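One structure is given below, encoded as structure tokens.
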Amino acid sequence: MEMVSTVQNTDVKQKDADRALVVAVTTRAVFDAAAGDVYGMGVAFPLLQKVNERLLEKNPAESLLFDVVLIATDSQQQSSRIISSTSHYGLEVGRFCFSSREDLVETLVVNNVQLFLSTDRDEALQVSQKGVLSALLGRQEAPSESLRVMLCGDAIVRPDCDPVPASRGAAQSFSARLGEMRGRFGVSGSPLSIVLVTSSGGSKSCGVALQTLRSRGLSVDEAYCLAGAPRGPILSLLRPHFLLGDGVIDLED
Amino acid sequence: FAAVLMFPMSLLGILYCPRGMSLDPVQVKELNVSPSPNGDSRASWEEEEVEEEEEDRLGIATKTKPVSVTDLSSPKPENAVTVAVSSRVLFRTELEQRVFEQKGVEEYLRYQIEHENEPFAPGPAFPFVKALETVNARLRELYPQSEELFDIVLVTYNHAHVGIRLINTINHHNLFIERFCMTGGSSPIGYLKAWQTNLYLSADADKVREALAEGIAAATMFMTEKLTEVSESQLRVAFDGDAVLFSDESERIFKAHGLDKFFQHEQDNEDTLLDHGPLKGFLEALGKLQKKFYAKGQRLDCPIRTYLVTARSAASSGIRALKTLRAWGLEIDEALFLAGAPKGPMLEKIRPHIYFDDQMFHVEGAAEMGTVAAHVPYGVAQKHNQPQKPGARK
């Protein structure tokens, strides 16, 4: 029995289904629960939106855009509130999916979601294990000039780990598309920043990661090679909005 | 002219009595070093493997590094003496700097990528970094399990597009640099703290000042054409006294009231310790490592040697400096009291891998005679001394 309903947002121009980068975000990640009719709002969303704006500025016919799907799995949140909050904040949400926890993965697959963002670790893990790339959103307090996406280099240089993580393929194709998107902007003033972090290997393996990403069409802005040093101090400076790697990586390390 | 007095610390008797035997300051045992196939001298204790240029499947040129007996993994930052260097002082990048200044960042990055397989030449900090690695090799031999080593981190605000060229260069020169931060334009200062940096070397005086303000020992380095040969078996670090190891309080008196008042002040305050300066912590870190060699009976053979090179004079104002060092529990191997004489000739004799001074006048004087000198932009001297030549710019 289908418990999912998908509602198109008529306020927003629909994206090209073949070319857009579909990013699903949970309502809990976007709206903070608060008293009153209208929810608060997370930090990453406006930045996703800014990337689209800047892309369209450069090329009004641009089809490589973020297509955001807002997913509600929590029956406590009222669909009408979600839709009205979205409208209130002028969020560029293409579709709403009112699903359930059980149907989450199927909903993502059906909607051709290339990246799933959540603030719930278990949820993100569950999705990742089914082969959909997912990432935890960071708790960003400080505003940022750009959307900061961190890539975990250890996953990139470990092609032969056993078993191969389910979301590996999704990660590779996503990073290629992201690289294409990043390439639309120049070195400075980009609304999208790509940061590479390798945790355990030395400088040689970081070099391999840089080369591998470049061969996929993704040029990285910043690179950090930790060679075993604790990640926490560096991560708290880097303040990524989300981190992509094998499985799901906690931003608060 | 006031005579230049050289005081090997062991001979000072009443003023300062280090434990251990007296040392002839000139005699440094040179260890047998046989050159390896690629021309770099490597010490005999390191396993010599033939180093071949090889390209891995992705086309990155690497050399197989000689592998020593213990697994060479990087120490935890809290255990290590972390030295952070920028790419512009570790390597020579003047040509690329010009491209950046004349043609902008996009062209600069394109140029770097185009020349990715051409390693950079060694920069002013290179011999110092190599010497740190030599000390590490000796420490690993004596204490295979210890993490009390030098850890060299490349901290650059270069863009990651330059990363592959930098990594290729590190491999080409057989440097053991496994950690780096390429911040793509944002300030590296936060990362210095995250790495628990003990010393930061950069070509950018503003960044150095920022680091000093955060309590991190830091100095600006410049490329010089003349470079005297330095030891490959012993790390030698020389420090100015006032505003480097010590605070600038006495320099303030001198600048404000002249030499006589300075002497009077020093005499009146002979038994009052000087306050500490920005490089005191680094000297302390060196001392801790030195003690590890002494503990294994290697005082004569110690691959770290420290020097104080000060304009103070031994008989008068120098006393306060020595008393302060002694009270801090810091040993310094040689104290040279120049009583105002030029430092260049003395440094040329010592041949340190690096010399720290707060006055550009002395930094330039040292460089003219081939010593790698680093400027510590701290204290009252900064208002009075401007560089004669323009320093390296971003």
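The numbers here are math on the coordinates, done by the rules we state, and not lab data. Keep in mind the model is a prediction, meaning the values are calculated, not measured. Note that each Cβ is placed from the backbone with ideal geometry, even for glycine, and that neighbours are counted across all protein chains shown.
Some observations on this one:
- Of A:Gly138, A:Ala227, A:Gln126, farthest towards positive along the dipole that unit charges on Lys, Arg, Asp, Glu beta carbons give chain A: A:Ala227
- The separation of the stretch A:74-98 from the stretch B:193-215, counted between C-alpha centres, amounts to 48 Å.
- Over 32 Å between alpha carbons, listed pairs A:Lys204/B:Lys296; B:Lys76/B:Lys226; A:Lys130/B:Lys193; B:Lys226/B:Lys280: A:Lys204/B:Lys296; B:Lys76/B:Lys226; A:Lys130/B:Lys193
- Exercise: per-residue mean of other protein chain Cβ atoms within 10 Å, B:160-166: 6
- In a simple Cβ point-charge model (Lys, Arg +1; Asp, Glu -1; nothing else charged), the stretch A:39-196 has a dipole of about 320 debye relative to its Cα centre.
- Each DSSP beta bridge with both residues in the stretch B:237-394 is either parallel or antiparallel, and the antiparallel ones are about 5%.
- Using a cut-off of 29 Å between Cα atoms, the listed pairs B:Lys130/B:Lys383; B:Lys261/B:Lys288; A:Lys13/A:Lys58 include B:Lys130/B:Lys383; B:Lys261/B:Lys288 as exceeding that distance.
- Peptide B:103-116, shielding by other chains (average Cβ, 10 Å cutoff): 1
- Other protein chain C-beta atoms within 10 Å of residue C-beta, averaged over A:198-211: 6.
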